[in-house]
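We did not get these values from a lab; they are worked out from the coordinates using the rules stated. Owing to the predicted nature of the structure, the values given are computational and were not obtained by experimental measurement. Positions of Cβ are backbone-derived with ideal geometry, glycine not excepted, and every protein chain shown enters the neighbour counts.
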Amino acid sequence: MPPRILIIDDEPSVRFGIRDFLESTGYEVDEADSVQRGREALRTGRPDVAIVDYRLPDGNALDLLREGQENGAAAVPLIILTAHGSIDLAVQAVKEGAEHFLTKPLELPTLAVILNRVIEQQRSRQNELARRSRASREEVNPFAGTSPALRTLEDQALRVAAASSPVLIRGETGTGKGVLARWLHLHSPRALEPFVDLNCATLSRDFLETELFGHERGAFTGAVTAKTGLLEVAHRGTLFLDEIGDMDLEVQPKLLKVLEEKRFRRMGDVRDRRVDVRLLVATHHDLGALVHDRKFRQDLYFRISTVPLMVPALRERREDIPGLARELLDHCAADVGRRHLSLAADAVAALCDYSWPGNIRELRNVLERAVLLTDAAVLTEPDLRFDMASPAPVLSDTRLTLVALEQRYITEVLREEQGHVERSAVRLGIPRSSLYQKIKRYGIAAAKDQGGPRTEA
């Protein structure tokens, strides 16, 4: 859609000359000949830029400028024209918020250059406002709640935010480890520098290595150009490695070298490159058990676990669920243009009684599904539709270890889903690849033709 320009000038010849020129270069043009008509055109026509003569029969350009600011109008940029130019008037106009000040007779090529620049600046501002608005809607405060576990986490996070030490964020899938990592970055001295994140569980060794360290041209078949790695992109900022427990063993010593020596080599290069990054890592695995099983390097584990933070599961802080649910409901409703949605008492009770194996991520999914599929302004228990993820079975034997509880729960869910791994992964709130790993680790057979899962002796 071509940019729309509004010309406000009481001289028809001036309007015609500018309009003829702008339309020949691809702009859409509207006209007005007074402050009053210009005010109406600004409100209804939604121009990208307005070109306004300073002196008009019923006022001047600064009147429109001030009105727009007072009304909070999505600030249409104004370029002011005058046949009586003076430095004082130009300074006043710019101070009042005008984008530019030009004198008549107007040089049309100069106007075209200025228009292009103003439109680009305006679009950049609008994109930034949209980005901030979207981020504010999507961001969930990592400490939203009053539970003791959350207050402990907040206190620990405040203590370590300003440090440069690596931080190990532990917690179940969907608890908000990534949200906490971004919060730590935004509350650190590196807040104005890049925040770069990478999920180690989704990449093979070769892809992970080239993503982290980059490569030189010709480093391997298909490397037709050099690639900058994320370590370089994050220089002076923060690198967040999610699911570090799934990082390939061959890549781990190279990451350790970065932590200890602050240097690395691109694939296919012989030169060391220096880098200054703060490392934040997260995992839902028990890294100590992985070290014991020789699936994670002990030296790297000690290096990244200097400052451990544990994000509590949602079922461990049920008193936070009502407030968190209302906050997420507002976000979900805003995303689809709905307002004033609320939760009935039975809906709040159902949310608090549910076990939330997928934690905050699952809570958002349930609420988002309810917003999309329900027209009512007040959501009730039947609107929540927990059909996609059933509650966890009650496991009352407190003598079991967490590992044993997890094994029993996974076995139970697989049995109920008749060994269907994909459906079971949805219920458990974890990726299918993670469920396969747990099935293998615990020796659970989950093939459908076996009549359900069984634990091998």
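Values as computed for the structure displayed
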quantity	calculated
Exposure proxy ranking, count of Cβ atoms within 10 Å, fewest first, for 284, 292, 187	292, 187, 284
Lysine pairs within the chain, Cα separation less than 27 Å, 8 or more sequence positions apart or different chains	19
Mean Cα-pair separation over length for the chain, i.e. relative contact order, pairs under 8 Å, 6 or more apart, %	11 percent
Cα-Cα P(r), the range 334-376, percent of pairs per 5 Å interval	5, 18, 30, 26, 15, 5
Beta bridges per DSSP with both ends in the chain, % antiparallel, nearest 5	20 percent
Tail weight of P(r) past 21 Å, computed on alpha-carbon pairs of the range 189-294, percent	35 percent
Structure-based [θ]222 nm, the chain - -39500 (n - 2.57) summed over DSSP H runs of at least 4, per residue, nearest 500	-14000 deg cm²/dmol
Mean Cβ count within 10 Å, highest first, over the residues of peptides 234-242, 90-98, 212-220	234-242, 212-220, 90-98
Amide H contacts under 5 Å for residue 278, placed H, 5+ residues apart	237, 238, 239
Residues whose placed amide H lies under 5 Å from that of residue 52, excluding near-sequence neighbours	8, 79, 80, 81
Whole-Hz couplings from phi, Karplus 6.51/-1.76/1.60, listed for the range 196-202; x for Gly and Pro	10, 10, 8, 8, 6, 6, 9
Residue 197 long-range amide H proximity, modeled H, under 5 Å	240
Normalised alpha carbon radius of gyration of the chain [divisor 2.2 N^0.38 Å]	1.32
Spatial separation of Cα centroids for the range 1-61 and the range 88-114, in angstrom	14 Å
Measure of compaction for the range 315-388 (Cα Rg per 2.2 N^0.38 Å)	0.98
Cα centroid of the range 227-257 to Cα centroid of the range 137-215, whole Å	14 Å
Total charge dipole magnitude, the chain, about the Cα centre, Cβ charges on Lys, Arg, Asp, Glu only, Debye to nearest 20	1800 debye
